[in-house]
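The values are calculated or read from the model by the stated rules, or taken from the named source; none is laboratory data. Keep in mind the model is a prediction, meaning the values are calculated, not measured. Reconstructed Cβ throughout: ideal geometry from the backbone, glycine too, with neighbour counts over all protein chains shown. Surface accessibility is based on the protein's heavy atoms, side chains included, excluding ligands, DNA and RNA. Shrake-Rupley method; radii C 1.70, N 1.55, O 1.52, S 1.80 Å.
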Amino acid sequence: MADNLSEALKTLKLSSADSASDSVEGCLDCLLKALAHNNVETSGKIQEMGALAMMPALLSAQNSCTPKVANIIAEVAKNEFMRSPCVEAGLIPPLVQLLNCKDQEILLQTGRALGNICYDSHSLQAQLISMGVIPTLVRLLGVHSQNTALTEMCLIAFGNLAELESSKEQFASTNIAEELVRLFSKQVEHEKKEMIFEVLAPLAENDVIKLQLVDAGLVECLLEVVAQTVDSDREEDVAQLKTASDLMVLLLLGDESMQKLFEGGKGSVFQRVLSWVPSNNHQLQLAGALAIANFARNDGNCIHMVDTGIVQKLLELLDRHVEEGNVTVQHAALSALRNLAIPVANKSKMLLAGVSDVVLKFLKSEMPPVQFKLLGTLRMLIDTQADAAEQLGTKTKLVERLVEWCEAKDHAGVMGESNRLLSALIRHSKSKNVVRTVIQGGGVKHLVTMATSEHMIMQNEALVALGLIAALDLDCAEEDFVGANLVQVLHKLLTDEHSAPEIKYNSMILICSIMGSGESEPLHKEVQSLAFIDVVSRLRSHENKTVAHQASLTEQRLTAQS
């Protein structure tokens, strides 16, 4: 075999490129045979004898030998060590050129060769994209959709290329959505559907392509897959149900595609997805809840959904997952409730429906993603709702859990949301009972720390809450204020030139609350020792009129006290 191979390679180098002579054909057959017998060794020999340099000319000749030449390149490029030599030998341009020919065997072998050379190399795949292979391959898929092997070759290529961001724009300018949906709707084999799914998922991350896929009827195909697989225990059906429902949720992440499917809340797709929530299948429950969370991305949709009773469906779903719950379903259902609670018009309706009671059942959760969504949902619900804020803010168990989560250093999101909810309970209730519950629960020091946050919105929320604590129950809070160095924090905020005007304003309001109370000697002493009077007198010339005015008032208050 080795002697034959060496002979064949020598003969090949002597033959002229354009002759489709029997000798060339025989040499190529010999190479293919040797590659089939021992690919690695043969590939090494092909490189050693410089045969790759012959290939571009053989490819450009386009004759009966061409499919064999492309096949040899495809086989050789299965080996990682051969890919760079193939590129260096200049094989990519003539191969790309061959994608325009009509011969299906040449197309197939050329596609394989390009795929193998560029396998796992983003830079080479990007080169192919810049050479315009995407529109060419999409056209091939349309023309040769009856040819199974060619179709698979195109799908594998799309799967690889679609991972690259640079490909999305090119894909969006072709009719790939129609071609893939047409192909998908004809498939009965599980493997084929999986192959198409692997192309659809990365493509559907692009908003333009999302809309194209919706217009091409992908959603109907996905709903069909769900209907066919929902009651099956077969592993491949379970996998397909997950892929189809996940893809459905992905399509809803685009604003235009989501609104198109919502159809003012009357869309058949929207209705079908709603029916997934009460299902007994965890995957469908998850997808249904995530879909609602996506539909709930604007106020109009949210108000419509709450008016049509979706909240009850979500609460029933959550109730099913309190004990031994599925964390992903809990997280998704809470995400949906949080989004639905954003419009002011929905808050009181959702509170009446008992949302806060069901959400509180998850306080014992040890899963940070669930904790995070639970906190966000409660915070949205009590926004502007004084009674609800008072009811929740006087629940000792809730406040204690919040204080515990305010120390969750490993989970910044949970920590931030706990602080914000603690502050919101005080700000929206303006209730002495809530203030006292927070003080007794040990929450004051966390609100003081929150006032030093790098996020201005959180600083502000903390200062307003601390101002209310000082105004409503300074006596009870004094020890915590001293222990948390509140006065030093306020001094730093007022002297820091980077502090926003709102921060300076609310810091001075807080100073006035502290000084306005006759009984807080330790705090008064700290304020005097840090010469706040000098700090605020400088702020009287602040460019922000509100800040300047408050500085005058604060200076008067401090002067009166000294």
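Cα gyration tensor of region 318-358, axes a ≥ b ≥ c as square roots of the eigenvalues: rounded (a/c below 1.5), prolate (a/b > b/c) or oblate? Here region 318-358 falls in the oblate category. Pulled fully out, how much extra length does the chain show between Thr495 and Met367, if you take 0.36 nm times their separation in residues and subtract their Cα-Cα distance? Working it through step by step, the gained length comes to 42.1 nm.
Here the chain is assigned +1 on the Cβ of each Lys and Arg and -1 on the Cβ of each Asp and Glu. Its dipole about the Cα centre then comes out at about 1200 debye.
Between His122 and Lys430, the FRET efficiency from the beta-carbon distance, with R0 = 56 Å, is close to 0.50. The portion of the accessible surface of region 240-365 made up by carbon and sulfur, rounded to a whole percent, is 54 (1.4 Å probe; DNA, RNA and ligands excluded).
Computed 3J(HN,Hα) for region 397-407, one whole-Hz value per residue from the Karplus formula 6.51 cos²θ - 1.76 cosθ + 1.60 where θ = phi - 60°, is 4, 5, 5, 4, 5, 4, 4, 4, 6, 5, 9, glycine and proline marked x.
These residues, His282, His331, His549, go from largest to smallest accessible area, 1.4 Å probe, as His549, His282, His331. Seen against the Cα atoms of the chain and their longest principal axis, helix 310-320 is set at about 90 degrees.
Here region 1-141 is treated with +1 on each Lys and Arg Cβ and -1 on each Asp and Glu Cβ, and its dipole about the Cα centre works out to around 320 debye.
Computed from phi, the 3J(HN,Hα) profile of region 83-88 under the Karplus parametrisation 6.51, -1.76, 1.60 (θ = phi - 60°) reads 5, 4, x, 4, 5, 5 Hz, with x in place of Gly and Pro.
Counting only Cβ charges, +1 for Lys and Arg and -1 for Asp and Glu, the dipole size of region 236-376 around its Cα centre is about 320 debye.
In the chain, taking the dipole from charged Cβ atoms about the Cα centre, the farthest positive-side position among Met153, Gln109, Val359 is held by Val359. In degrees, nearest 10, range 0 to 90: what is the angle between the Cα axis of helix 104-117 and the longest Cα principal axis of the chain? In the chain, helix 104-117 runs at an angle near 50 degrees to the longest axis. Per residue, the solvent-accessible area of the chain (1.4 Å probe, heavy atoms of protein chains only, all protein chains present) comes to 44 Å².
To the nearest ten degrees, helix 545-561 and the longest principal axis of the Cα atoms of the chain are 40 degrees apart. Between Lys186 and Lys33, full extension at 0.36 nm per residue minus the direct alpha carbon distance yields a gain of 51.4 nm.
Ligands, DNA and RNA left out, the 1.4 Å accessible surface of region 419-479 is 46% carbon and sulfur atoms.
The C-alpha atoms of the chain occupy a region whose extents along the principal axes are 110, 53, 39 Å, arranged from largest to smallest.
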